[in-house]
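Note sheet for the following structure.
The values are calculated or read from the model by the stated rules, or taken from the named source; none is laboratory data. None of the values given here were measured: they were computed from a predicted structure. Quick reminder, even Gly has a Cβ in these numbers, built from the backbone with ideal geometry, and neighbours come from all protein chains shown.
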Amino acid sequence: MKDGIIIAFEPDPLMFKILEANLVKIDVEGMALRILMGGVETLSSSRPKMVIELHPGEETVEPFLKRLGFKVLKPSKYFVITK
């Protein structure tokens with residue numbers, strides 16, 4: 001956000017060009033599911049490991065990742081790790 005302007009983008013086109021990483025950390029203050037949904041094509045094809053910070057109300061992140069075929073480890077109520 002700059003000078004009251006919010007810039008938004010769909011993650012997949014950007015991620016497709018830059019995601020060669022094998023680990024992704026997501027910490028977006030309660031918006032993890034939206035980020036994951038926007039990047040589903042890239043995440044499905046590149047299958048990175050992920051560390052995702054969870055906030056109250058984000059109980060749907062884990063089942064969403066499982067539907068994509070990720071193995072989900074949940075070391076605490078605040079983090080989800082995929083394999």
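Name the residues in segment 53-83 that are assigned to a strand (DSSP E or B) and touching an Asp or Glu at 6+ places or on another chain (Cβ under 8 Å), would you? Of everything in segment 53-83, those that are assigned to a strand (DSSP E or B) and touching an Asp or Glu at 6+ places or on another chain (Cβ under 8 Å) turn out to be E53, V72, K74, F79, V80.
Look through segment 52-80, keep the residues that are aliphatic (A, V, I, L, M) and surrounded by 15 or more Cβ atoms within 10 Å (Cβ to Cβ), and return whichever of them is nearest to E29 (Cα to Cα). The extreme case among them is L54.
For R67, the conditions (1) touching a Ser or Thr at 6+ places or on another chain (Cβ under 8 Å); (2) modelled with pLDDT of 90 or more are fulfilled apart from (1).
Being modelled with pLDDT of 85 or more and of a type outside the set (S, T, N, Q) is the requirement here; does V24 meet it?
Working: modelled with pLDDT of 85 or more: no; of a type outside the set (S, T, N, Q): yes.
No, not satisfied.
Residue count for segment 44-83 under the criterion of being in contact with a strand residue (DSSP E or B) (Cβ under 8 Å, 6 or more places away or on another chain) and either free of Cβ contacts under 8 Å to residues at least 24 places away in the same chain or not charged (D, E, K, R) (or both): the result is 20. Condition first: surrounded by fewer than 17 Cβ atoms within 10 Å (Cβ to Cβ) and not in a helix (DSSP H, G or I). Can you find one or more residues in segment 32-46 that meet it? Taking every residue of segment 32-46 in turn, none turns out to be surrounded by fewer than 17 Cβ atoms within 10 Å (Cβ to Cβ) and not in a helix (DSSP H, G or I).
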